[in-house]
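Notes follow once the structure below has been shown.
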Ligand SMILES: [Fe+2]
Ligand SMILES: [Fe+2]
């Protein structure tokens, strides 16, 4: 559900800037981009195609394929051109410089906190917060190593074999029960969450979508091969320690009530993958192909760091807002009449979709009663006629009719109205 009205609002003529990396334009672009990339992978439902055969034909069919092929490069430029402004790699880099930069970047990740995990631990409803984070991981977890698979073809020497070694680990050496996506699904099931690829599509945030799309972006176009290698080496290196932190947080929240095999597997095997990718791929490629490729390897490391930061910031911001939602309720004089309010009407059976806005807005229930939904397992927030909620810029929400029908308006929030300012959280 792309929420066509929300897509139509977006000005696609101006590429994204880093300041709006977790905003609405980013969300729309990355939803489209993620769908395009997924269409280059094979997705089949667990229960079999059966009556969904028509969906298969439509999703993979000629019409959407041509649309995708005609727009993919432009959409990638729209979404990722900002990386050229954000990351500047200049000067001559030796293999030693590359190794030093890599260790510096990885060391900072090891020493720093994982913002989402800290936010989960501090949340009033840590289980809801932990599910929100887990769902963001599902974006990669349920199709893990799909982008990597695009870098396995061709002929590039011993580094190709080293990458394949990492890849077959991700695929459980051909044993389906050991495949990382399979053990990720076990973790979801232990939280009573659904396991099919698009179960929580509506709740993927712009930052996590951008991170996931980035790996497809640099894997689709092999001119970016060295960027991909920098990025994947960094990712494999920082995964193990971050999963150690995740185990700690999730044990703290759920006790034994969660299956953490997925995290334990990565805390173990990514220590190994981090060494393989650094020594046998990243540094080996730098040695073999020389100074001409090192700046791109460095760029990939820097890009993976930057995007990883957006993943965390966006997820933590969503958790904080959803966890503290009642303080964002606006009443009485806080609800100013607005000329440019957009009215949305919903019936009980209306399809559910989510969106965000580039600026703070007020969602005001005009008729009937509504429920505001902020996360995959968050309790919906009831809103009666005349009630309003402040949705800060970039926060993801959906609205459902609580009865047979409702109508709500979306108005620009006036940041000077005291009632609109959320209490400190
Ligand atoms: Fe994995
Ligand atoms: Fe790995």
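Can you give the relative contact order of segment 156-264 as a percent, counting alpha carbon pairs under 8 Å and 6+ residues apart?
Reported as a whole number, the value is 27 percent.
Taking the Cβ of each residue in 108, 303, 38 as the centre, tally the other Cβ atoms inside 10 Å and list the residues starting with the fewest.
108, 38, 303
How large is Rg/Rh for the chain, to two decimals, with Cα atoms and a Kirkwood Rh?
Here Rg/Rh amounts to 0.97.
What order do you get for 128, 42 when you list them from fewest to most C-beta neighbours inside 10 Å?
Ascending number of Cβ neighbours within 10 Å: 42, 128.
Starting from a Cα-only point model with no solvent, please compute log10 I(q)/I(0) by Debye for segment 4-77 at q = 0.12, 0.13 1/Å.
-0.42, -0.49
What is the Cα centroid distance between segment 237-257 and segment 286-307, reported in whole angstrom?
Their Cα centres are 30 Å away from one another.
May I ask for the distance between the Cα centers of segment 341-373 and segment 133-200, given as a whole number of Å?
Here the answer is 35 Å between Cα centres.
Taking the number of other C-beta atoms within 10 Å as the exposure measure, put 216, 173, 234 in order starting with the fewest.
173, 216, 234
So for segment 89-323, averaging the separation of alpha carbon pairs under 8 Å that are six or more residues apart and normalising by length, what relative contact order in percent results?
Relative contact order here is 36 percent.
Classify segment 265-306 from the C-alpha gyration tensor, please: rounded if a/c falls under 1.5, else prolate or oblate depending on whether a/b exceeds b/c.
Oblate.
Report the semi-axes of the equivalent ellipsoid for segment 102-260 in whole Å, largest first, where each axis is √(5λ) for an eigenvalue λ of the Cα gyration tensor.
That gives 28, 18, 15 Å for the three semi-axes.
Of 271, 155, 348, which has the largest mean-square fluctuation in a 10 Å C-alpha GNM of the chain?
The residue that fluctuates most here is 155.
Using the Kirkwood radius over Cα pairs, work out the Stokes-Einstein diffusion coefficient for segment 327-420 at 25 °C and 0.890 mPa s, in µm²/s as a whole number.
My calculation gives 186 µm²/s for D.
Return a whole-number percent for the relative contact order of the chain, with Cα pairs under 8 Å and 6 or more residues apart as the contact set.
It rounds to 20 percent for the chain.
With each run of n ≥ 4 DSSP H residues scored as -39500 (n - 2.57), what mean residue ellipticity at 222 nm is computed for the chain after dividing by its residue count and rounding to the nearest 500 deg cm²/dmol?
Per the formula, -16500 deg cm²/dmol.
What's the Kirkwood radius of segment 14-147 in Å, using all Cα pairs?
Evaluated on segment 14-147, it is 18.9 Å.
Take the alpha carbon atoms of segment 319-339, find their center, do the same for segment 68-97, and report the distance between the two centers in whole angstrom.
Spelled out, the Cα-based centre of one part sits 38 Å from the other.
Compute the long axis of helix 225-254 from its Cα atoms, compare it with the longest principal axis of the Cα atoms of the chain, and write down the angle in degrees, 0 to 90, nearest 10.
That works out to roughly 60 degrees.
Quick note: the coordinates plus some simple rules give every number you see, no bench work behind them. From a predicted model like this one, the values you see are computed outputs, not experimental measurements. Note that we place each Cβ from the backbone using ideal geometry, even for glycine, and neighbour counts take in every protein chain shown.
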